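Peer 1: Following this message is one structure expressed as C-alpha cells.
The values are calculated or read from the model by the stated rules, or taken from the named source; none is laboratory data. Fair warning: this is a prediction, and the values are worked out from it, not measured in the lab. FYI the Cβ positions are ideal-geometry reconstructions off the backbone, even for glycines, and counts take in every protein chain you see.
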Ligand code: ADP
Ligand code: MG
C-alpha cells in the first residue's frame, strides 16, 4: 500500500476510539483531579459518534478528516471537542484531495492540525495541555521522516515523544483551560488532554505503522 488512504485513516480512528473506550474512566479520573471529571466521557461520546459516522462513505482522506472534525465539534460539549475537531478539520484542509497521503503530506497535515489547535486554544508548550503531547510528537515525526525513516518508524518515534510529553505535564502548573483555575494546585497531576492526545498518536503508530505505509 502506498501512502495513508481512507482505509488507513479509518483504522486510526477506530483504534483511537477503542483506546478512548478502554481508558474512559482513567481519563475522567485525571480530569477529576484538575477539572470537572468529564474528559473520558467527552472523548468517548465524541469517538462513538465518529465511529457511527464511518458508515458514511468518504471519497478521500480530506473528506473523512473533515467529517470527523465536524462530528467531534458537534458531539463533544467540553473544550476538548472543538480542539480535537479543529485538529481534524485543519488536517483535512492541508490535504489536496489525493486518494492517499504521502508520509510527508500526512506529517504536514498533522502539523497544520496542531497549529489549528494552538490558534484556537492559544496554548503554548508548557501550559499543561494536549499541546504538550502533540508538539513533541510532531517534531519527532518530522525529524524521523527527515532522517529518511519510513512512516512506521517515524510514528513510533512520535508516539514515544507524545508519551514523554504527556508525562512531563505532571509537574506543570496549568495556564489554559479549566485546570488553570486551580493555579499551582494543578501541579502534581497528569493533564487529561495530553493523555488522550498521546493515545491518538499511539493509535496512529499502530494503525498506520504496520501496513507497509512507509
Ligand atoms: P473541559 O475542560 O471543557 O471540561 P475536557 O475535560 O474534555 O473539557 O478537556 C480538558 C482538556 O482539554 C485539558 O486537559 C487540556 O489538555 C485541554 N485543553 C483545555 N483548554 C485548552 C486550550 N486552550 N488549548 C489546548 N488544550 C486545552
Ligand atoms: Mg473536563
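Peer 1: Here is a list: 86, 68. Which entry is surrounded by 21 or more Cβ atoms within 10 Å (Cβ to Cβ), on the phi < 0 side of the Ramachandran plot, more than 12 Å from ligand 1 (Cβ to nearest atom) and in a helix (DSSP H, G or I)?
Peer 2: Result: 68 is the single residue among 86, 68 that is surrounded by 21 or more Cβ atoms within 10 Å (Cβ to Cβ), on the phi < 0 side of the Ramachandran plot, more than 12 Å from ligand 1 (Cβ to nearest atom) and in a helix (DSSP H, G or I).
Peer 1: Hey, among 89, 101, which residue is within 25 Å of residue 154 (Cβ to Cβ) and in contact (Cβ under 8 Å) with a residue 60 or more places away in the chain?
Peer 2: So the residue among 89, 101 that is within 25 Å of residue 154 (Cβ to Cβ) and in contact (Cβ under 8 Å) with a residue 60 or more places away in the chain is 101.
Peer 1: A follow-up question, please. Filter region 98-123 down to the residues that are near ligand 1 (Cβ under 9 Å from one of its atoms) and surrounded by fewer than 21 Cβ atoms within 10 Å (Cβ to Cβ), then identify the one that is farthest from residue 170 (Cα to Cα).
Peer 2: Step by step, filter region 98-123, then rank; the result is 120.
Peer 1: In region 20-37, how many residues are surrounded by 20 or more Cβ atoms within 10 Å (Cβ to Cβ) and part of a loop (DSSP other than H, G, I, E, B)?
Peer 2: Going through region 20-37 one residue at a time, the tally reaches 1.
Peer 1: Is at least one residue of region 181-199 away from ligand 1 (no atom under 15 Å from the Cβ), crowded, with 21+ Cβ neighbours inside 10 Å and modelled with pLDDT of 95 or more?
Peer 2: No, region 181-199 has no match at all.
Peer 1: Only one of these is at pLDDT 95 or above and within 16 Å of ligand 2 (Cβ to nearest atom): 43, 91. Name it.
Peer 2: 43
Peer 1: Has region 44-57 got at least one residue that is in contact with a strand residue (DSSP E or B) (Cβ under 7 Å, 6 or more places away or on another chain) and outside any loop (DSSP other than H, G, I, E, B)?
Peer 2: No: region 44-57 contains no residue that is in contact with a strand residue (DSSP E or B) (Cβ under 7 Å, 6 or more places away or on another chain) and outside any loop (DSSP other than H, G, I, E, B).
Peer 1: So residue 76 fits all but one of (1) within 26 Å of residue 166 (Cα to Cα); (2) away from ligand 2 (no atom under 16 Å from the Cβ); (3) buried (at least 16 other Cβ atoms within 10 Å of the Cβ); what number is the exception?
Peer 2: (2)
Peer 1: Counting just the residues of region 165-176 that are within 16 Å of ligand 2 (Cβ to nearest atom) and crowded, with 24+ Cβ neighbours inside 10 Å, which one comes out farthest from residue 4 (Cα to Cα)?
Peer 2: Among those residues, the one meeting the criterion is 174.
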